Amino acid sequence: MREHAQRGVDVIKVMASGGMMTAGADVRGAQFSPAELRVLVTEAHRHGLPVTAHAHALDAIVDAVAAGVDGIEHCTFFTADGVHAPDDVVSAIVARRIAVGATVGLVPVEGAVRLHRRDAGIGAGRRPLRPAVRGRPGLNVPIRTRSPP
């Protein structure tokens, strides 16, 4: 973390769950333990850096919220049985004002997980996340990166 801070990065992104574009990745499971995510977030915040978690899996979302992340990318609530967005998890995201970068489209990749359209993307997350943005139209979540010198 210290090296990233010294290089002038603006944000830390952690792959809390697998990605849709990586063949063989587990998008329905967490890639880090809750303790590992807490350490990462604590260290990033100690250096003044916000943390966003790439999280499709419900378990990864729960762990990221508990760890204190500042943002969640995708936030699709995938489980082994489909999509499930528990009210307490959505309420925690809203209460902690965690920025959500929802998935709005998917590009198929050979070997990637295929989900029925109703199970993926913004359609799955629109209803439970609506309270998070009601009354706040036009929210901007800028994320920049800098290449190392």
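Any read-out appearing in this document is the output of simple, stated calculations on the displayed coordinates, not a laboratory observation. As the structure is a computational prediction, the values presented were derived from the model and not from experiment.
Using alpha carbons only, the radius of gyration of the stretch 23-107 set against its Kirkwood radius gives Rg/Rh = 0.96. Both radii are taken from the alpha-carbon atoms of the stretch 1-71; with Rh as the Kirkwood radius, Rg/Rh is 0.99.
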